[in-house]
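The values are calculated or read from the model by the stated rules, or taken from the named source; none is laboratory data. Just so you know, these numbers come straight off a predicted model, no measurement behind them. Ideal geometry is used to build each Cβ from the backbone, glycine not excepted, and the neighbour counts take in all protein chains shown.
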Amino acid sequence: MITVNGKNYYPTIGLEVHAELATTTKMFCACKNDADETRPNVNTCPVCMAHPGTLPVPNKTAIESVIKVGLAIGADIANFSEFDRKNYFYPDIPKGYQISQYKYPIVAGGKLGGVDITRIHLEEDTANSKHDQGNFSLVDFNRAGVPLMELVTEPVIHDAETAMKFGKELQLLIRTLGVGHANMEKGEMRVEVNVSVSEDPNKLATKVEVKNINSFSAAGKSIDYEIQRMIGLYEAGRGDEIVQETRGWDETKQATYSQRRKENSNDYRYFPDPDLAKMQLHEMFNLEELKKGLPELPWAKRERLIALGIKEGDAEVYVSDLKLSNYFEQVVSGKDKDFAQIASNYITSDLLGLLAKDSSLSYPSAEHFAKLIQMSVDAKLNSRGVKDILAIIAATDTDPEALANEKGLIQQNDEGALKALAQAAVDANPNVVAEYKAGKEQLLMFFVGQIMKETKGSANPAIVQKILKEILAG
């Protein structure tokens, strides 16, 4: 709810998210599915170019990918499903219609990130129009026919932040399942937002759909802009000017703009595609086996890591970065919670910091990194020593214990030897001892520093402090 001049307004947001699936071939033909191809119109054939007499053949892996997403979010997987023709004319659809799904989607219901899902269906992507060619446009058909998953949420979102969080959680899920790459900058994942603002909390108002959104940030900004635009019209007594339409997002102007009046489903004249067989999905796929084969899902991993004592921010880093997550899991395999927490701190702060500063560095082997952390746990290395050795093994991936011995960094834990050094430092500084006993307890670190200097940083500071307190209390 947003209150302006004492009046309450109620925003409602629904999302439509398209995500390309990372199959080897396109949805209905054997052409290569390659989002990185820069040469135009090389991944094409008579089927995806709609030559007369050609027949589409469904990509079973694409159908399975959508089912996996549905199983992950606890949705219902339809038994009967079919493909439909969505009829409209635009240069980027060579057939004059798009093969999509209407009445019988593969997935219905479910919940993701606390947001209710309406449906997930499968369709073919359109070609890619190039409008920056001067006085004309060009069309690249490499993308035409690529399998495209469309997810539609219920209108249960009420602010931009929740919408952006949902989009990021969906992106994580798609990557975790391995069904797509979901890179928004490549157009592999596209978000469309439906926004309405009502004066009555019990009624939905006229909605607009905003397209051309290529980042989560832009999605959030477009939602906020539309909410403020509509409230502004209400406040000016022009609420009747809010019409159902499609609007675009202008990144430069940070504003939406009207494109066309929004079509309804009957405008597309959907009907079942006569060239494609009906599907009995429960017979085509073993749903129980697919469900058992799902990897650890992002929300389950997040919960498990936090239970390990990993900081929430660090847990989010691991959930978002599968490569880093796998590395962390290898390092802490078979270790206890204390080890995992120490390892995580060094990975997310020190190791990632080193890699960010120097691109020539890389992850040391999990074995060597785990050995380095174990030396810290066993008090063989102090924090400074761990950091110094880590910088070396990130460059050379050598044995950390051998390096520590070579450089004299192994911590001295011999209380007898350290007690002799502590006594010598106390005896040599009677004035500092007097000040310490007079109440300047921070001077304890002066003596610690003297001993660390004498041992070239190898003394165990915790043991040194314990011994010094005992001597100074005498």
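Give me the pairs: first residue in segment 359-378 and assigned by TED's automatic domain parsing to the domain that holds Thr348 and without any contact (Cβ under 8 Å) to a residue 60 or more places away in the chain, second residue surrounded by fewer than 18 Cβ atoms within 10 Å (Cβ to Cβ) and not in a helix (DSSP H, G or I), beta-carbon distance under 7 Å, and six or more apart or on different chains, which are they?
Pro364/Asp397; Ser365/Asp397; His368/Asp397; His368/Asp399
Restricting attention to segment 11-23, and to residues there that are touching a helix residue (DSSP H, G or I) at 6+ places or on another chain (Cβ under 7 Å) and not aliphatic (A, V, I, L, M), which single residue is nearest to Ala163 (Cα to Cα)?
The qualifying residue nearest to Ala163 (Cα to Cα) is Pro11.
Would you point out which residue out of Asn8, Asn41 is out of contact with any helix residue (DSSP H, G or I) (no Cβ under 8 Å at 6 or more places or on another chain), in the same structural domain as Ala182 (by TED's automatic domain parsing) and not in a loop (DSSP other than H, G, I, E, B)?
Asn8
Can you tell me which residue in segment 406-447 is surrounded by the most Cβ atoms within 10 Å (Cβ to Cβ), limited to those that are within 47 Å of the chain's Cα centre (by Cα), closer than 15 Å to Gln465 by Cβ and touching a residue at least 40 places away in the same chain (Cβ under 8 Å)?
Taking the candidates together, the pick is Gln411.
What strands (runs of 3 or more DSSP E), lying completely within segment 208-317, carry at least 3 residues that are loosely packed, with under 14 Cβ neighbours inside 10 Å?
By residue number, 255-261.
Mind listing just one residue for me: the one in segment 28-71 that is among the aliphatic types (A, V, I, L, M) and within 16 Å of Met284 (Cβ to Cβ) and, of those, surrounded by the fewest Cβ atoms within 10 Å (Cβ to Cβ)?
Only one residue fits best here, namely Val57.
Only one of these is over 29 Å from Glu123 (Cα atoms), in the same structural domain as Lys7 (by TED's automatic domain parsing), at pLDDT below 95 and of a type in the set (Val, Ile, Thr): Ile213, Ile227, Ile242, Ile231. Name it.
Exactly one residue qualifies, and that residue is Ile242.
Can you work out which of the residues in segment 115-146 that are in contact with a Leu (Cβ under 6 Å, 6 or more places away or on another chain) and outside any loop (DSSP other than H, G, I, E, B) is modelled with the lowest pLDDT?
This residue is Lys130.
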